[in-house]
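All of the numbers you see were taken from the coordinates with simple rules; none came from a lab. All of these numbers come straight from a predicted model, not from anything done at the bench. Note: ideal-geometry Cβ built from the backbone for every residue, glycine included; neighbour counts use all protein chains shown.
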Amino acid sequence: MSQLMDLPVELAAAPFDPVGKSVAKVVDQVARALRRTEIEPEWVSIANYMDDPNEKQYGLRPATEWPATFARRHRISLSVERGTSEGWIIQADFVRVVDEADGGGWQSIPLMRIKSLSRSQAWTVAAIVARLLDID
């Protein structure tokens, strides 16, 4: 049976401000914070690791500035899903409302992916990332 993991105390009050930093710098900062805990995921990666110019499909490029979420209807969303072959994927997306002139509706753009081998670890990692990015 899976063991429930608690959020490490040292990260309970450790959010950092990603505004003005590139996606690559924020992902690196998250990876370093996770390494300082005993909850090391398999890997932490930029969603658009191939640096593809099609950001709508593959996610923001590594050099792109981390999206500001202080605007109304702009936010960072975290999800936990089962991996395609094994393990669990924690994904951070930039979610925003698109104007009616551009088709309207919500748009989700991938930012970061993290792989974990257990469900319990995946939810713990998601809680840490939520605290680091101050979205909890």
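Within segment 78-109, the set of residues being over 29 Å from residue 121 (Cβ atoms), assigned to a loop (DSSP other than H, G, I, E, B) and either in contact with a helix residue (DSSP H, G or I) (Cβ under 8 Å, 6 or more places away or on another chain) or not charged (D, E, K, R) (or both) comprises 98, 103, 104, 105.
Kindly indicate which of 32, 36 is of a type in the set (D, E, K, R), touching a residue at least 24 places away in the same chain (Cβ under 8 Å) and either over 14 Å from residue 124 (Cα atoms) or surrounded by fewer than 16 Cβ atoms within 10 Å (Cβ to Cβ) (or both).
Details: 32 fails: touching a residue at least 24 places away in the same chain (Cβ under 8 Å).
Selected residue: 36, the only one of 32, 36 that is of a type in the set (D, E, K, R), touching a residue at least 24 places away in the same chain (Cβ under 8 Å) and either over 14 Å from residue 124 (Cα atoms) or surrounded by fewer than 16 Cβ atoms within 10 Å (Cβ to Cβ) (or both).
Considering (1) touching a residue at least 60 places away in the same chain (Cβ under 8 Å); (2) surrounded by fewer than 19 Cβ atoms within 10 Å (Cβ to Cβ); (3) outside any strand (DSSP E or B), the lone condition that residue 75 does not fulfil carries the number (3). Restricting 129, 98 to those that are within 24 Å of residue 22 (Cβ to Cβ) and more than 17 Å from the chain's Cα centre (by Cα) reduces the list to 98.
Of all the numbered requirements in (1) in contact with a Lys or Arg (Cβ under 9 Å, 6 or more places away or on another chain); (2) surrounded by fewer than 19 Cβ atoms within 10 Å (Cβ to Cβ); (3) touching a residue at least 40 places away in the same chain (Cβ under 8 Å); (4) under 24 Å from residue 33 (Cβ atoms), residue 120 misses one, and that requirement is (1). Total residues in segment 39-70 satisfying the condition of being surrounded by 15 or more Cβ atoms within 10 Å (Cβ to Cβ), without any contact (Cβ under 8 Å) to a residue 60 or more places away in the chain and of a type in the set (A, V, I, L, M, F, W, C): the figure is 2.
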